[in-house]
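Just below is one structure, and these are the notes that go with it.
The values are calculated or read from the model by the stated rules, or taken from the named source; none is laboratory data. As the structure is a prediction and not an experimental result, all values here were calculated from the model. All Cβ positions, glycine included, derive from the backbone under ideal geometry; neighbour counts span all protein chains shown. Keep in mind that these areas ignore ligands, DNA and RNA; they rest on the heavy atoms of the full protein, side chains included. Shrake-Rupley method; radii C 1.70, N 1.55, O 1.52, S 1.80 Å.
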Amino acid sequence: MHNFEFIRATSVAEAAEILRDDPEAGLLSGGQTLLPTMKQRLAAPSKLVSLTAIEALKGLSQEGDSLTIGGATTHAEVAERAVGIFPGLASLAGRIGDPAVRNRGTIGGSLANNDPAACYPAAALACGAMMVTDRREIPADDYFLGVFETALQDGEILTAVRFPIPEAACYQKFIQPASRFSMVAVFVARFADRVGVAVTGASEDGVFRWAEGEAALGAAFTPDAVQGLSLPETGMITDSFGTGAFRAHLIPVLTARAVTSLTAG
Amino acid sequence: MVEKYGTAQSPVDLESEALVKGQGQYTDDIAPAGALHGVFVRSTVAHGIIRSIDTAAAAELPGVLGIYTARDLADAGTNPIMFMVPLMSADGKTPVPYVSTPRPALAGDRVRHIGEAIALVVADSAGAAQDAADLVEVDIEELTAHIGTRLSEDPVEDPIWDEAPNNQAYTWYAGDQEAVQATIAASPYKVTLELNNQRLAGSPMEPRAATASFDPESGRYTLYAGSQGTMFLRKGFADALGVGMDKVHVISKDVGGGFGLKVYVYPEYVAISVAARLLGQAVRWTATRSEALQADQGGRDSHCTVTGGFDADGQLNALYCDIIGNMGAYSIGIGPRVPSSVIAENIVGPYATPLIGIRSRGVHSNTIPTSPYRGAGRPETTYMLERLMDEAAIQLDIDRVELRRRNLIDREQMPFTNQFGHVYDSGDFAAVLDGAMASSDWAGFEARRAEAATRGKLRGIGCALFVETAGAYFQEPLDFRVTEDGMVEVRVVGVSTGQRHRSTITHIACSILGIPLDKVRYIAGDSDDVPVGSPTVGSRVGQMTGSAMHIAAHSAIERGRAIVGHLSSGQPNDITFANGVYTVAGTGETMAFLDLPRRLAEARAEGREIEETLDAVETFQSPGFSFPNGCHVAEVEVDELTGEMQILNYTAVDDCGNVINHREVEAQLMGGIAQGIGQGIMEQMVYDESGQLLSGSFMDYAMPRITEMPQAMTIVDLPDPTPSNPLGAKGVGESGTTASVSTVANAVADALRARGVTNLQTPLTASRLWEAMRTASA
């Protein structure tokens, strides 16, 4: 790891100012991606501005049928506190990494990093969540631009994410056996007027909405509705853990599993 | 007299508590204060010519004390590291030629694999050394990289060694090739399988680490480095430094896993030792996990075509194995022996096959050198035999267990001299097969398969029988002493890398001597302080060092009897020994074994001349290998939609001879089985065609975890003791790995057979299983 200056910001404004003054400075939330990257000397920010002491960035709040989660809220907190509000999201958070990762890693960090195999982007995209920054609000559909790419501008800080709470939701994750990230994972969110299906891990372009699956489940929320559908393997990731064809195949299978678990009993 | 270690004593564990509490002394823990830090600049190119190395910018960083390249090492008189153990013909009589591959400690004019060390930066902190290493600029002209375990008949572009225009390292034969081929051709059934044993990374929990220093007055190098026993390492280290064995001192303290990759000298140890000499200060280095994956010797990596000629009644008439072994860039350690002579030592297995032939060819590639990894040829051999048996059973339409049974060597045939001259002195292969069938409820399986089908699961069951060699290097010394403060001191060579040797050897000593466990000091791992023997390899320490301990303890009791004779009024044959105490018949006088050195010293101080001592170096000489054997059964379920696989039950019935400590046997088997499962279902070193390592971290190299382990594991000891050593013990360190790769693969193949799947290669990932089902149904 290269040397850097560590600053624990106490307000979003302070963090934003440091970023404005020093283009080489970086934001640190839970550090579960950034710190390993720095240890491998693949990232070398001049300053690290920690967000985790900013109280305004932490915690969950429910207003009507929406749930707002502060950017610096840990996965463990979401797993524990969203259970009664948005159980599908709590379950997703409770299966990220291991306890050490969940106690440090944050939702804002995950969404700002947009790892193509990360879990939260699938939930945000399937639900049509609103990304709240220190400058504006960005709908999820406009936010995820590709692998490790988001609509965030230089120095823009993701302060919160606001989820519309679905009637029911389920996250089905097929893990990559080495990293235990998702090799393919599907988040299915059923709302009164629509169904959202978003897929992470599979595509060379990062997280995406499976429109055909959404339409089919919108018409009939049953496993059979998606079972017979197929996706092209073009553009799907091929690596030593699975071919593009396998990943494409898993998407309807996992979607059907999600629907089964939401409709069983 | 055979002590009943396994039954008469509760499990002995003198070591684990300290290690799990962080009180161990691993190499990185014991680096002296003030030791300088070394960081290596490694090749990012798989094959190329080094045009220049620019260290100027790096040298100017504060804290940097030295930067070393191949030229500095040459000026210091070092030699390349050479392949150590000659490759011999199958009869052991004639050396077999192989390509000489001198391996520099730091690459000079050529790099031959990703991760090969090119320069060493030494600084007063690890951070400074790393910062400087980043500034070293290496200009490499790329050559064609050679990746993969395949052999070209024609010369290739940019061969790795000029001596080998098609990268072929050696050719090695065993058995009567023509007779085998003719018999196979004449057999009514000819069954052929192509099997790949993919490259694995040993990945011990403790990465390699070393601290080197040099004493100018004595001219001696001292190296602290984790090893499986310092003796082979010491030899290669001295040779590479260009000094005599008396000028190197190698010390291994606690070692967190070896699996075969901590036996020989590594380039890093040589480079930091030269730096320590030139700088006059100790230099330390600890590998990162990324470095371990790039620079620890690799495991497995061979491709086999196995062919059996069978009679219609299932008799295997002849077996032929055609093997290509990937040596990596250099032949190191016993690398070329793994896919050749080790195969021949093990290929007979439990079967009375009349004719066996082997052709083994080594190929060099632009990858890390390969050498033993737990099992080292044994799992590969079992894999050939046991996959073949299952395939033959299908083709001949004979039940696969019955087919094996018809080919077994009978217990009545012991001692059985096999085709390659090894003598099975014991082993009841039908009994272990029967035991495994019973313990696994093999007979009741079809009902379980039918039930699983109702849940969309393809259930399969598979077995593997094996007989393997254990106890390589047939001689082992042990230095036995008793001190005047009443402590037994035992000096041995084989370092524990997690096997709890101290517990096992102490247990044997105390059982014989009748003394408490805390009266033994166990000393291993210091090359100045232990006798010359062999390291912890080839499942040998229990039977070899354990037997030496047995002999040493019994002979000490006899010497003690003579001493008591001098010190008392009794004659030796009037003196009995029990529970650590001698009793003189008639007078009833008693003397404790542990008191004898003190009493001797007192007697000598009074002027008495007594020559006897309790101390002696005893050597156990074994007549040959022991042959651990067993039968393992696995039961798996595969999801027919996704290829996800779960190992439900795993049963191991093993004959490792007399059991010294069942808990230790169980631990060895479970660990070995876990590693075999890793190879079977997930582990895989992956290089792309340009030689870049794609599995360069644990994000991409799939280490098995508890979630992949069988839901239930049953381990049964079924000993048929060997007469080849006084303990009656066979090895057990590798048995689990030897059996489990085949066992799991056969179970998965059985599960998918209903779907028409015939060709399966490890690792059996979900994607591969799904692709196999899809291809078969297409």
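Taking the range B:265-304 only, how many residues are of a type in the set (Gly, Ala, Ser), open to solvent by 50 Å² or more (accessible area, probe 1.4 Å) and outside any loop (DSSP other than H, G, I, E, B)? Reasoning before the result, please.
Within the range B:265-304, the subset of a type in the set (Gly, Ala, Ser) is B:271, B:273, B:275-276, B:280, B:282, B:287, B:290, B:292, B:295, B:298-299, B:302.
If we keep only those that are open to solvent by 50 Å² or more (accessible area, probe 1.4 Å) as well, we get B:280.
Imposing the further condition that a residue be outside any loop (DSSP other than H, G, I, E, B) reduces the set to none.
Number satisfying all stated conditions: 0.
Which residue, of A:Val226, A:Val195, A:Val184, is over 22 Å from A:Ser110 (Cα atoms) and within 14 Å of chain B (Cβ to nearest Cβ)? Break it down into steps so the answer makes sense when it comes.
Details: A:Val195 fails: within 14 Å of chain B (Cβ to nearest Cβ); A:Val184 fails: over 22 Å from A:Ser110 (Cα atoms).
Among A:Val226, A:Val195, A:Val184, only A:Val226 is over 22 Å from A:Ser110 (Cα atoms) and within 14 Å of chain B (Cβ to nearest Cβ).
Please work out if B:Glu153 is open to solvent by 30 Å² or more (accessible area, probe 1.4 Å), farther than 21 Å from B:Ile334 by Cβ and not in a loop (DSSP other than H, G, I, E, B).
Against the criterion (open to solvent by 30 Å² or more (accessible area, probe 1.4 Å), farther than 21 Å from B:Ile334 by Cβ and not in a loop (DSSP other than H, G, I, E, B)), B:Glu153 does not qualify.
Could you check, for the range B:574-596, whether at least one of its residues is of a type in the set (S, T, N, Q), modelled with pLDDT of 95 or more and more than 28 Å from B:Asn725 (Cβ to Cβ)?
Yes, because at least one residue in the range B:574-596 is of a type in the set (S, T, N, Q), modelled with pLDDT of 95 or more and more than 28 Å from B:Asn725 (Cβ to Cβ).
Can you list the strands (runs of 3 or more DSSP E) lying wholly within the range A:134-237 that have 1 or more residues being open to solvent by less than 20 Å² (accessible area, probe 1.4 Å) and touching a Lys or Arg at 6+ places or on another chain (Cβ under 8 Å)?
Working: elements: A:137-139, A:144-146, A:158-164, A:168-175, A:182-190, A:195-200.
Per the criteria, A:168-175, A:182-190, A:195-200.
If we scan the range B:328-351, do we find a residue that is farther than 18 Å from B:Thr192 by Cα, under 22 Å from the mean Cα position of the chain (by Cα) and in a strand (DSSP E or B)?
Scanning the range B:328-351 turns up at least one residue that is farther than 18 Å from B:Thr192 by Cα, under 22 Å from the mean Cα position of the chain (by Cα) and in a strand (DSSP E or B).
I'd like the full set of residues that are more than 18 Å from B:Arg404 (Cα to Cα) and either open to solvent by 40 Å² or more (accessible area, probe 1.4 Å) or without any contact (Cβ under 8 Å) to a residue 40 or more places away in the chain (or both), limited to the range B:442-457.
B:Gly444, B:Glu446, B:Ala447, B:Arg448, B:Arg449, B:Ala450, B:Glu451, B:Ala453, B:Thr454, B:Arg455, B:Lys457
Which residue is least open to solvent (accessible area, probe 1.4 Å), if the candidates are limited to the range B:720-737 and must be β-branched (Val, Ile, Thr) and either within 14 Å of another protein chain (Cβ to nearest Cβ) or in contact with a strand residue (DSSP E or B) (Cβ under 9 Å, 6 or more places away or on another chain) (or both)?
Result: B:Thr722.
Among what's in the range B:697-719 and is assigned to a loop (DSSP other than H, G, I, E, B), free of Cβ contacts under 8 Å to residues at least 60 places away in the same chain and not acidic (Asp, Glu), pick the residue that is least open to solvent (accessible area, probe 1.4 Å).
Ranking the qualifying residues of the range B:697-719, first place goes to B:Pro704.
Looking at the range B:546-573 only, could you name the residues that are part of a helix (DSSP H, G or I) and more than 30 Å from B:Thr722 (Cβ to Cβ)?
Across the range B:546-573, the qualifying residues are B:Ala562, B:Ile563, B:Val564, B:Gly565, B:His566, B:Leu567, B:Pro572, B:Asn573.
Select from the range B:515-553 the residues that are under 25 Å from B:Gly672 (Cα atoms) and not small (Gly, Ala, Ser) and write down the one among them that is surrounded by the most Cβ atoms within 10 Å (Cβ to Cβ).
Here the residue is B:Met544.
Considering only residues of the range B:674-696 that are of a type in the set (S, T, N, Q) and more than 14 Å from chain A (Cβ to nearest Cβ), which is least open to solvent (accessible area, probe 1.4 Å)?
My answer is B:Gln675.
Just the residues that are closer than 22 Å to B:Ala210 by Cα and not in a strand (DSSP E or B), please, taken from the range B:39-70.
Start the filter on the range B:39-70 by keeping residues that are closer than 22 Å to B:Ala210 by Cα, which leaves B:39-43, B:63-70.
Scanning the range B:39-70 gives B:Ser43, B:Gly63, B:Thr69, B:Ala70.
Can you tell which of B:Ala145, B:Ala126 is surrounded by 23 or more Cβ atoms within 10 Å (Cβ to Cβ) and out of contact with any helix residue (DSSP H, G or I) (no Cβ under 8 Å at 6 or more places or on another chain)?
One residue alone meets the criteria, B:Ala145.
Only residues that are assigned to a loop (DSSP other than H, G, I, E, B) and touching a helix residue (DSSP H, G or I) at 6+ places or on another chain (Cβ under 7 Å): list them for the range A:63-91, please. Even if it seems obvious, please write down each step before you answer.
First, pick out the residues of the range A:63-91 that are assigned to a loop (DSSP other than H, G, I, E, B): A:64-65, A:71-73, A:82-86.
Of everything in the range A:63-91, those that are assigned to a loop (DSSP other than H, G, I, E, B) and touching a helix residue (DSSP H, G or I) at 6+ places or on another chain (Cβ under 7 Å) turn out to be A:Gly71, A:Ala72, A:Thr73, A:Ala82, A:Val83.
Given (1) under 22 Å from the mean Cα position of the chain (by Cα); (2) assigned to a strand (DSSP E or B), where does B:His249 come up short, assuming only one miss?
(1)
May I ask you to verify whether B:Leu596 is surrounded by 15 or more Cβ atoms within 10 Å (Cβ to Cβ) and assigned to a loop (DSSP other than H, G, I, E, B)?
no
Are any residues in the range B:624-661 closer than 14 Å to B:Thr722 by Cα, assigned to a loop (DSSP other than H, G, I, E, B) and either in contact with an Asp or Glu (Cβ under 8 Å, 6 or more places away or on another chain) or within 14 Å of chain A (Cβ to nearest Cβ) (or both), and if so, which ones?
Of everything in the range B:624-661, those that are closer than 14 Å to B:Thr722 by Cα, assigned to a loop (DSSP other than H, G, I, E, B) and either in contact with an Asp or Glu (Cβ under 8 Å, 6 or more places away or on another chain) or within 14 Å of chain A (Cβ to nearest Cβ) (or both) turn out to be B:Phe625, B:Phe627, B:Pro628, B:Cys656, B:Val659.
Within the range A:229-250, which residues are away from chain B (no Cβ under 13 Å) and aliphatic (A, V, I, L, M)?
A:Leu229, A:Leu231
Among the residues of the range B:211-261, which ones are touching a residue at least 60 places away in the same chain (Cβ under 8 Å), in contact with a strand residue (DSSP E or B) (Cβ under 8 Å, 6 or more places away or on another chain) and over 25 Å from B:Pro477 (Cα atoms)?
B:Thr211, B:Ala212, B:Ser213, B:Phe214, B:Ala240, B:Leu241, listed by residue number.
Residue check, B:Glu217 against (1) part of a strand (DSSP E or B); (2) open to solvent by 10 Å² or more (accessible area, probe 1.4 Å), all met but one. Which one?
(1)
With respect to B:Arg598, is the statement that it is in contact with a Pro (Cβ under 8 Å, 6 or more places away or on another chain), of a type in the set (Lys, Arg) and closer than 25 Å to B:Ile508 by Cα true?
Numbers: in contact with a Pro (Cβ under 8 Å, 6 or more places away or on another chain): no; of a type in the set (Lys, Arg): yes; closer than 25 Å to B:Ile508 by Cα: yes.
For B:Arg598, the condition - in contact with a Pro (Cβ under 8 Å, 6 or more places away or on another chain), of a type in the set (Lys, Arg) and closer than 25 Å to B:Ile508 by Cα - is not met.
Which one of B:Ala133, B:Ala185 is touching a strand residue (DSSP E or B) at 6+ places or on another chain (Cβ under 8 Å), open to solvent by 30 Å² or more (accessible area, probe 1.4 Å) and touching a residue at least 12 places away in the same chain (Cβ under 8 Å)? Spell out how you get there, then give the answer.
Numbers: B:Ala133 fails: open to solvent by 30 Å² or more (accessible area, probe 1.4 Å).
Just one listed residue meets the conditions, B:Ala185.
Looking for something among the acidic types (Asp, Glu), outside any strand (DSSP E or B) and open to solvent by 20 Å² or more (accessible area, probe 1.4 Å) - is there at least one such residue anywhere in the range B:191-205?
Scanning the range B:191-205, I find no residue that is among the acidic types (Asp, Glu), outside any strand (DSSP E or B) and open to solvent by 20 Å² or more (accessible area, probe 1.4 Å), so the answer is no.
Answer yes or no as to whether B:Ser767 is open to solvent by less than 10 Å² (accessible area, probe 1.4 Å) and away from chain A (no Cβ under 11 Å).
Criteria not met by B:Ser767.
If a residue must be touching a Ser or Thr at 6+ places or on another chain (Cβ under 6 Å), open to solvent by 10 Å² or more (accessible area, probe 1.4 Å) and over 19 Å from B:Thr305 (Cβ atoms), how many such residues does the range B:328-355 contain?
Selection size over the range B:328-355: 2.
Which of the following residues is more than 15 Å from B:Ile681 (Cβ to Cβ) and at the interface with chain A (Cβ under 10 Å from one of its Cβ atoms): B:Met699, B:Met703, B:Met773?
The unique qualifying residue is B:Met699.
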